[in-house]
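Comments concern the structure below.
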Amino acid sequence: MADDSCGPTNPVASSAPAKPGQRVVHCVKFDKDMPGLERVPWKGELGKRVYENVSAEAWKLWIEYSKMLVNEYRLNPLDPQSQKIMEEQMEQYFFGEGAKLPEGYVPPKAKG
């Protein structure tokens, strides 16, 4: 069974129509037209591709996923090697087969 953990957690919120004057992109993650990002989120060619093809909603999901990556791989956002790893993961997350969870990763238990 495919891991759909990168899909919307609240489908109603992800279907919000674009506000007048707001950029709309055809999101590669949700395969539909959605409000886009307000600015290029990453440097270089990958940042441009994300800006043109990823919705603001999908970017929020990536941010949450990237926090897990930083913690699991003990990445330093200022380290060039760590940035390279994040860039590779982002490429897979949006344009590849999907990001893979780190080996041995155990999701945190829900609070409550």
Checklist outcome for this item: Toy charge model, Lys and Arg Cβ at +1, Asp and Glu Cβ at -1: segment 18-95 dipole around Cα centroid in debye, rounded to 20, equals 220
Checklist entry - Given 34, 56, 20, which one lies farthest toward the positive end of the charge dipole of segment 18-95, if we put +1 on the Cβ of every Lys and Arg and -1 on the Cβ of every Asp and Glu? => result 20
Item to check | Neighbour cut-off at most 12 other Cβ (10 Å), DSSP loop, trypsin sites (Lys or Arg not before Pro), segment 51-81 | outcome: 74
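Coordinate-derived values only; no laboratory data. Please read all numbers here as calculations on a predicted model, not as lab measurements. So basically every Cβ, Gly included, is an ideal-geometry build from the backbone, and we count neighbours across all protein chains shown.
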